[in-house]
Amino acid sequence: MLRLKNAGKFSIGYLRQVAWSERLRRKLRVSIEIGALAGTMSVRILGIESSCDETAAAVVADGREILSSVVASQIDIHRKYGGVVPELASREHLRRIVPVVREAMEQAKLRLEDLDAIGVTHGPGLVGSLLVGITYGKTLAESLGKPLVPVNHLEGHIHAVFLEAHKAAVSPPLPAVCLIVSGGHTVLYEVHPKDSTRSDAGALWSYRRIGGTRDDAAGEAYDKVSKLLGLGYPGGPILDRLAASAGSAPAPVKFGPTKMKGNGFDFSFSGLKTAVLYHVRENPEYLPEIKDREEAIARGDRKFDQLLPLCNPKTLGLVREFQNAVVRDLVERTLKAAEELAGPTILVSGGVAANKQLRTTFEDRAQRAGLKVFFPSMALSTDNAAMIAAAAYPRFMNNILADVSLNASASLPIA
Ligand code: KG4
Ligand code: ZN
């Protein structure tokens, strides 16, 4: 940190000059270090993620090798409220951030001094939650004298696909269309390399937003429908498995494709959620079952095997029709975007990318259309810090750094 003795004796202009030369000196030092690292030893970045309800830390080498990844989920805390409570989330981040980072360092078998940089999510997300990770990241970077790299959470989700592909020694070709689909986001981007001659992990990308949800995110629709059917929180994993168990149960209702004026690459899921709500209200025979499931969940019996016997074929048929509608919308619009715009690669990431039917439908439809689709593993689909450390790598290598003025940005865009 820059310390000035007898600061009162100097003019503001002089102090500014000293501060600027200090910043320049630091920037130069970082550039020299980056230059020295290129082509020699690996670059190890600690990623910190706290944008929503997961406190996560991970160490990634050279933007692609995961040396450790630790995620502390807060699901048990938010479950009884049926969704993330921001105030509780930030308090829990405060409690967990230190042990989570310590565990990530232990798993990676590294000391903090061995790190080359700290990458931290600074948006989009819940401001109180983001501030915990940012403040911790800044303090760590300052005390260690290491560079701080600001990372966009959505850019992290895109890097999760590349981390996964790297495990199979594959690099998804760019340009690509990327669908990020989670509890907080449902958005389509075109991803281009900034420099078309580069495809290495240190290359920067540019993004163009081509569509997104006009109301609820797809994961949010899963969570709300799950709640109204008495199936608990989060909704995605349980509805995914129940839909797969529906077999040939008759469809109690059919949901048509969402029709919207304007941008054909936009999504909307609140109408579908409301249609499920009205269907349940108009058919009171669902209600005793919903009550039974709510009681089971309150007892802690929330596992698939415990809830399946409490769902009659009509409920299973309803869940299957809901999932069919979500998956159809996500897949069709993304494929259309890939065919009309970016090229042969589709990247899918975010919590809902863990959905089995979404994966198989994407794979099947993409293959028939001559497109290639890439997903992260389940663990890398949901929020984690390995994707943040991976996204920090090209920024670090290109000297895109933050200083202590870094702040949280609830709706930080990447494009
Ligand atoms: O990416 P994520 O961990 O956090 C956010 O940034 O939101 O995503 C969590 C969301 C939740 O809404 C959850 O219900 C949904 O992802 N989800 C799923 C599945 N697993 C998680 N949705 C559908 N099918 C799944 N298998
Ligand atoms: Zn996320």
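Please give the peptides 268-277, 383-392, 403-412, 320-329 ranked by average Cβ packing (other Cβ atoms within 10 Å per residue), highest first, as a rough proxy for protection. Before the final figure, lay out each step's value.
Numbers: 268-277: 17.8, 383-392: 32.2, 403-412: 13.7, 320-329: 21.8.
Ranking, from highest mean packing down: 383-392, 320-329, 268-277, 403-412.
Given the range 180-329, what count of lysine pairs have C-alpha atoms under 18 Å apart, with each pair 8 or more places apart or on different chains?
Taking the range 180-329 as the scope, the lysine pair count is 12.
Residue by residue through the range 163-180, what is 3J(HN,Hα) from phi via Karplus (6.51 cos²θ - 1.76 cosθ + 1.60, θ = phi - 60°)? Round to whole Hz and write x for glycine and proline.
4, 5, 4, 4, 4, 9, 6, 10, 10, x, x, 10, x, 9, 9, 10, 9, 9
Residue-wise, which Karplus ³J(HN,Hα) couplings in Hz belong to the range 195-207, taking 6.51 cos²θ - 1.76 cosθ + 1.60, θ = phi - 60°, and x for glycine or proline?
Each residue's phi maps through the Karplus curve to give 10, 5, 8, 10, 9, 7, 5, x, 7, 8, 10, 10, 10 Hz.
If we sort 175-183, 92-100, 352-360 on the protection proxy, mean other Cβ atoms within 10 Å, highest first, what's the order?
Descending packing order for the listed peptides: 175-183, 352-360, 92-100.
Amide H to amide H, which residues 5 or more places from Leu347 or on other chains are under 5 Å from it, using H placed in the peptide plane?
Placed amide hydrogens put Val177, Cys178, Leu179, Phe374 under 5 Å from Leu347.
Taking H as built 1.01 Å from N, whose amide H comes closer than 5 Å to the amide H of Ile48, not counting residues under 5 places away?
Answer set, sorted by chain and number: Gly119, Val120, Thr121.
Under the rule of at least 5 residues apart or a separate chain, name every residue whose amide H is placed under 5 Å from the amide H of Arg214.
HN-HN under 5 Å from Arg214: Phe267, Ser268, Phe269.
To the nearest 20 Debye, how big is the dipole of the chain about its Cα centre, given +1 on the beta carbon of each Lys and Arg and -1 on that of each Asp and Glu?
Roughly 880 debye for the chain.
About the Cα centre of the range 353-415, how large is the charge dipole given +1 on each Lys and Arg Cβ and -1 on each Asp and Glu Cβ? Please answer in debye to the nearest 20.
Numbers: 6 positive and 4 negative charges, 66 e Å.
It works out to roughly 320 debye.
Within the range 223-269, which trypsin sites (Lys or Arg not before Pro) sit in a loop by DSSP and count at most 14 neighbouring Cβ atoms inside 10 Å?
Sparse-neighbourhood loop trypsin sites (Lys or Arg not before Pro): Lys254, Lys259, Lys261.
Just to verify a number: FRET efficiency for Asn312 and Lys80, C-beta to C-beta distance, R0 = 30 Å, to 0.05?
So the FRET efficiency works out to roughly 0.70.
Only four residue types carry charge here, +1 at the Cβ of Lys and Arg and -1 at the Cβ of Asp and Glu. Report the dipole size of the range 193-303 about the Cα centre in Debye, rounded to the nearest 20.
340
Indicate, rounded to the nearest 5 percent, the antiparallel portion of the DSSP beta bridges found entirely in the chain.
On the way: 28 of 46 bridges.
Here the share of antiparallel DSSP bridges comes out near 60 percent.
Give, in nm to one decimal, the length gained when the segment between Ala244 and Ala379 is fully stretched (0.36 nm per residue of separation minus the Cα-Cα distance).
46.5 nm
According to a simple spin-label model (label point 7 Å from Cα along Cα-to-Cβ), what is the distance in nm between Leu112 and Glu282?
6.0
With label points built 7 Å along Cα→Cβ from the Cα atoms of Asp215 and Val127, find their separation and express it in nm.
2.7
Residue by residue through the range 321-329, what is 3J(HN,Hα) from phi via Karplus (6.51 cos²θ - 1.76 cosθ + 1.60, θ = phi - 60°)? Round to whole Hz and write x for glycine and proline.
After applying 6.51 cos²θ - 1.76 cosθ + 1.60, I find 5, 4, 5, 4, 5, 5, 5, 4, 5 Hz.
Figure the gain on full extension for Lys356 and Lys261 (residue separation times 0.36 nm, minus the Cα-Cα span) and round it to one decimal in nm.
Here the answer is 31.2 nm.
Read-outs: derived from the displayed coordinates by stated rules, not from any lab. Predicted model only: the values in this text are computed from it and were never measured. Note that we place each Cβ from the backbone using ideal geometry, even for glycine, and neighbour counts take in every protein chain shown.
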